[in-house]
1. For the stretch 271-456, give the magnitude of the charge dipole about the Cα centre (Cβ charges: +1 Lys/Arg, -1 Asp/Glu; no others), in debye to the nearest 20.
2. Can you give the convex hull volume of the alpha carbon atoms of the stretch 59-99 per residue, in Å³?
3. Please give the contour-minus-distance gain from residue 120 to residue 55: 0.36 nm per residue of separation, less the Cα-Cα distance, rounded to one decimal in nm.
4. Using a simple spin-label model with points 7 Å from Cα along the Cα→Cβ vector, what separation in nm is obtained for residue 80 and residue 365?
5. With no solvent and one point on each alpha carbon, what is the Debye value of log10 I(q)/I(0) for the stretch 1-120 at q = 0.22 Å⁻¹?
6. Using only the alpha-carbon atoms, how far is helix 281-293 inclined from the longest principal axis of the chain? Give it as 0 to 90 degrees, nearest 10.
7. Please give me, ordered by residue number, the trypsin sites (Lys or Arg not before Pro) of the stretch 97-164 that lie in loop per DSSP and have at most 15 other Cβ atoms within 10 Å.
8. Is there a quick way to get the dipole size of the chain? I mean about its Cα centre, with the Cβ of Lys and Arg at +1 and of Asp and Glu at -1; what is the value in debye to the nearest 20?
Amino acid sequence: MTGVPYQEWRSRAERLDPHTGHHIDGAFTDGGGTLPVVSPRDGRVLAEVGDADAATVDRAVAAARRAFDEGPWPRMSPADRGAALLRWADLVERDRDTLALLVSLEMGKPVAEAHGIELRAVVGCLRWYAEAADKQADEAPRTGPDALALVTREPVGVVAAVVPWNFPLTMAAWKLAPALAAGCTAVLKPAEESPLSALRLAALAAEAGLPPGVLNVVNGRGGVAGRALGEHPGVDVLAFTGSTEVGRHFLRYAADSNLKRVWLELGGKSPNIVLPDAPDLDAAADTAAWGIFFNAGEMCTAPSRLLVHRSVAGRVLERVVARAEGMRVGDPLDPATEMGPLVSARHRDRVLAYVDAGHADGARLRAGGSAPEGCYLRPTVFDRVTPAMRIARDEIFGPVLAVLEFDDLDEAVRLANDTDYGLAAAVWTADLSAAHRVSRALRAGTVWVNCYEEGDMSVPFGGMKRSGHGRDKSLHALDKYTDLKTTWIRL
Ligand code: NAD
């Protein structure tokens, strides 16, 4: 809980005075046209922000390039970089209320979750990499008496981070914190839906003393500003989180430009397998419901396919449906709200089209399926889903659960892996051997046993198959932003 009452959040929303434009070379600036930022809470236009053209993106990349090639950041001691990142983390914590409000208003998640989950994750991530900055050593392999070889890690250069709106600051922090800790400089392009929180983050970085050009934010449309970053010869690494479709574009942009490295965190259609010997079936059902409705289902890791053993399906489903029907859907600024609106009217229509597809393909609607008003949608559950149905195959990115039943473990694993995606999965069982066997057999970057969405900064996160490649979080993320250099010295 935030401790801030509903009325106070509403009055702060009325007084909102966000930064606009872009943040380049340490200062706010205009460039290109403007784009409205519409709140899905009530359709209000929160602000007009920059809509970068290629020339504005050039300016941002040039600033990052200068800061990398000539500036102090890559040259200062890792401990000093860490200290600057810690100051940044402290300022984000200081302004946690404001940042949570911006996130909640621009993309619709409950302000209590923006504050308690998203901002907590952002502060934790910045601190984790700040502290890691000087905790690693280079290598001196045993090359024999006549030579000394040094294998050193060097920052890779200018990193462009293109991120989505669903966890706008967390996704940005997962990329920026390791990249900056490694000594790279960065250009962040937030999603069109969530530029305001990103601009605030950049202002705090400047206040923390990160030198001009180390972190730049350009706003704008994916097909223009995102593409210009993807094709830019001055960008060394493109770190992307978003849809599989746009991930493909980035591989093409890189192939057609400077062969920059591209790291992709993409979509998912994660299976959540409930075996009849789950230690607590009620907990499994509650977690299944919480997992798919959390953040209005706008989660890459959402457990959108519930695979449940036929012998316990009735009991589990009954509880999932009760949870769905009991969810408090409403104003994201109300601290009692459990699910806010979807991010936009366009996205709501896309999700509703999947509800229609569920009906048309023969699934049975057990809960929800309707949009009461605006961008709000009731938590939705379909059972009698079969693997070929669209709601079983496509990433819906909304609060829509597809329930499939199975008769034995082999069938469960087959169903679970019957997807183009490979981001996450879960299995509920009290049998240790079954837990290990199933988690080995699942093609997913993360497998949870008897839980969902758990973890911390020390473990890597990312996908297999069409969910992408490369890992965020943990020390492994630093590999994406560093190059290995060998220096061979004849003695
Ligand atoms: P999106 O792919 O539409 O957009 C993501 C970003 O790419 C935005 O900044 C957008 O402006 C930009 N973009 C869009 N079209 C572009 C183009 N042609 N060229 C360059 N850039 C372009 O995704 P979204 O709707 O913002 O987010 C939802 C998607 O993100 C889902 O598929 C979800 O699974 C995925 N996601 C993945 C993870 C993960 O870690 N694997 C985390 C969160 C979200």
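The values are calculated or read from the model by the stated rules, or taken from the named source; none is laboratory data. These numbers come from a predicted model, not from an experiment. Neighbour counts run over all protein chains shown; Cβ positions are idealised from the backbone, glycine included. Accessible surface is based on the protein model in full, side chains and every heavy atom, while ligands, DNA and RNA are left aside. Shrake-Rupley method; radii C 1.70, N 1.55, O 1.52, S 1.80 Å.
1. Here the stretch 271-456 has a charge dipole of around 380 debye.
2. Given the Cα convex hull of the stretch 59-99, per-residue volume reads 70 Å³.
3. 19.9 nm
4. Output for this residue pair reads 6.3 nm.
5. -1.20
6. 60 degrees
7. For trypsin sites (Lys or Arg not before Pro) across the stretch 97-164 that sit outside H, G, I, E and B with at most 15 neighbouring Cβ atoms in 10 Å, the list reads 135, 142.
8. With Lys and Arg at +1 and Asp and Glu at -1, about 660 debye.
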